[in-house]
1. Take the residues in the range B:173-221 that are part of a helix (DSSP H, G or I) and among the hydroxyl-bearing types (Ser, Thr, Tyr); name whichever of them is surrounded by the most Cβ atoms within 10 Å (Cβ to Cβ).
2. Return the pairs, sorted by first residue and then second, in which the second residue is hydroxyl-bearing (Ser, Thr, Tyr), the first residue lies in the range B:122-139 and is within 11 Å of B:Met258 (Cα to Cα), the beta carbons are less than 6 Å apart, and the residues are 6+ apart or on different chains.
3. Please go through the range A:295-319 and give me each residue that is of a type in the set (A, V, I, L, M, F, W, C), out of contact with any helix residue (DSSP H, G or I) (no Cβ under 7 Å at 6 or more places or on another chain) and more than 10 Å from chain B (Cβ to nearest Cβ), ordered by number.
4. List the number of the failed condition for B:Ile171; all other conditions in (1) closer than 24 Å to A:Leu253 by Cα; (2) facing another protein chain (nearest Cβ under 7 Å) hold.
5. For B:Ile43, state whether it is without any contact (Cβ under 8 Å) to a residue 40 or more places away in the chain, closer than 17 Å to B:Ser307 by Cβ, in contact with a Pro (Cβ under 9 Å, 6 or more places away or on another chain) and not charged (D, E, K, R).
6. Give the residues of the range A:146-198 that are acidic (Asp, Glu) and within 23 Å of A:Met280 (Cα to Cα), sorted by residue number.
7. What pairs can you find where one residue is in the range A:9-27 and under 19 Å from A:Gly184 (Cα atoms), the other is of a type in the set (Phe, Trp, Tyr), and their Cβ atoms are less than 7 Å apart, with a gap of 6+ or different chains?
8. Would you tally the residues in the range B:279-318 being under 15 Å from the mean Cα position of the chain (by Cα) and within 12 Å of chain A (Cβ to nearest Cβ)?
Amino acid sequence: MLTAGLVVIAAALAGAALLSLAVGARDVPFGTVLHALVNPDPDSTEHLIITQSRLPRTIVGLLAGAAFGLAGAVIQGVTRNPLADPGILGVNAGAGLFIVVAISLLGITNLTGYVWFGFLGAAITSVLVYTVGSIGRGGATPVKLALAGAAVTAALTSFTTAVLITDVDAFDQFRFWQVGSLAGRGTDIAVQSLPFLVVGALLAFYSARALNALALGDDVATSFGQNVLVARLIAAGAVVLLCGTATSMAGPLVFIGLVIPHIARSITGPDHRWLLPYSMLLAPLLLLIADVIGRVVARPGEVQVGIVTAIIGAPIFVALARRERLAEL
Amino acid sequence: MSAGVVETTRRRESARARAVATALLVAAIAMFALTLSYGDFQISLPDVVRSLLGQPTPPGVDYIMHDLRLPRASVSVLAGLAFGLAGAIFQQLLRNPLASPDVIGVSQGATTAAVVAVLVLGVEGGIVAAVALAGALVTALVIYALSWRKGVGGYRFILVGIGIGTVLTSITSYILTRSDVKVAAEAMIWLTGSVSGRTWPQIVPLAVAVLILAPMALTLGRVLTGMQLGDDLATAFGVRVQRSRFALLITAVGLAGMATSAAGPIAFVAFMSGPIAVRLVGGGRPVLIQAALVGALLVLVSDFIGSHLLGSRQFPVGVVTGVIGAPYLLWLLATANRSGRGG
């Protein structure tokens, strides 16, 4: 039953990817899309649009979406807090601050340049959050982790704002990254991100069983022979890799990471061995559909995907939140 | 024997809660006085007091006090109190430290309304404040209505709030990307929170609101002790859960909305004050008064740093609150609670 569901979602995802290749400021027939993928013709404008612009964008959407969904499911499991989003480890704030510094102080102005600062900032920040959250009694308890993450986010966001207030040009660049968008991302970004995402995904799936044990509480998990500390560390590592990479690729689209695990949980129940793959496939589905909608509603311009995911994701999320089952975690 | 131990512990805890409240109050008064006295034009403390009492003072003092520093210090105190109180009410009522008004959409309601009013409709002045307050109230009511299902569950309320808040944030970001960059940059200062250049007509409504709503919140807040046990137990003890929750929430929204309309959503004050107060007091009891005082102190200290200690440039208070409040909270998280509750 759950396997069939996965197949259906995978098929829908393939359909969404095809739509993402075909639809835009200039619609391309599906036949031409397939032709461009299999046998690209460098003289055809339509083929060029697909191979140079829409294919990289779709790949980035698939990768970033899957990463956000997976990271969200893992972080909600680790912190046992249904409100935790992948940004709770400070990933967005860290990426944001480093990107602002790169733009403002180092004068880097293209996306490919500052993506790496974003990743570095995300990684450093989440290590910091995890360390602070683990100091003291009881190690990284869910409440301490959530508070530490939110507090570090507060501090870094303030620094970011301080830089932005003094530097209008940096603010001008940053506001477009902050909205969250897939436009203008090249294949190079996807290729360079792939190793981080693969390792992150492997760690996430490896944690599935441990997350099930952690859901029962630390004491029960320990009595099942689970090393709570190691389990949390591995899971947190997965979130850092996945969310840090995805955030620097597409901007802070955390809402997907927050919403999708709840949607997935309403289908699969609390078992992370199902919850993780469902989240990984549902998230890019939402992201690609949102991206296509963003390209259609404001032709010939477009609305950034971050705005569309919020506007179509929120009603689904609210509807789900009204169901009794969701509140349990 | 064991009853005696419980009694002793309880007495020690409430003594500590009182001591923390007193210390915070003294610190806040000292900071308030420092804000009034320190600046490019130094005013001695006796002159500050004389000017406040309407007695004769050296030339220039009355102008600087009544038109510049007193409004600024007052709006800092009032907004800090209101944000701290509102944040702690939300967090304790919904039993989740992430559930402050700036996380679950209420503050976003105020800011989005204000941004739409200023950048899209071109409104100015006092109307913006009214629009921001209306935005907070409407957002809170929408969240409450959408999360109603035979009562309002804590998690459901927060989740719906986060959903609504995300939409509002997106709308704000979208408007910012569509506006002229200079206008958007100015809007960002308001979005961060600022207490400079406020005038009495902006402050008086907030003062009235705090005078009415804060005592209401503290009275209603007595039921929090019961509610922290969980809805079922609280009902069993005779706390009218839904009605008390609604009244408290509306009070908190009113406080947060009024404060936002006067000073902008001063970043993270509502979120941080509660957890800081909880850790200062210890013992897991509701700490509304202490949280309000932490909020006031946080805003006063941050504004002092932002306007005097960061070189020649003045930074709006919202830029500083996160920088000083968050590390303090982290430090408390790491150290202060080793002997108390692990959470």
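1. B:Thr192
2. What qualifies is B:Ala129/B:Ser261; B:Ala132/B:Thr260; B:Ala132/B:Ser261; B:Leu133/B:Ser261.
3. Matches in the range A:295-319: A:Val296, A:Val297, A:Ala298.
4. All conditions pass for B:Ile171, except number (2).
5. Spelling it out, B:Ile43 is indeed without any contact (Cβ under 8 Å) to a residue 40 or more places away in the chain, closer than 17 Å to B:Ser307 by Cβ, in contact with a Pro (Cβ under 9 Å, 6 or more places away or on another chain) and not charged (D, E, K, R).
6. Of the residues in the range A:146-198, the ones acidic (Asp, Glu) are A:167, A:169, A:172, A:188.
Result: A:Asp188, single match.
7. Short answer, once both residue conditions are applied: A:Leu18/A:Phe30; A:Ala22/A:Phe30.
8. Of all residues in the range B:279-318, those under 15 Å from the mean Cα position of the chain (by Cα) come to B:287-303, B:317-318.
Checking which are within 12 Å of chain A (Cβ to nearest Cβ) leaves us with B:298, B:302, B:317-318.
Within the range B:279-318, residues that are under 15 Å from the mean Cα position of the chain (by Cα) and within 12 Å of chain A (Cβ to nearest Cβ) number 4.
The values are calculated or read from the model by the stated rules, or taken from the named source; none is laboratory data. Quantities reported herein were computed from a predicted structural model and do not represent experimental measurements. Glycine gets a Cβ as well: all are built from the backbone with ideal geometry, and neighbour counts include every protein chain shown.
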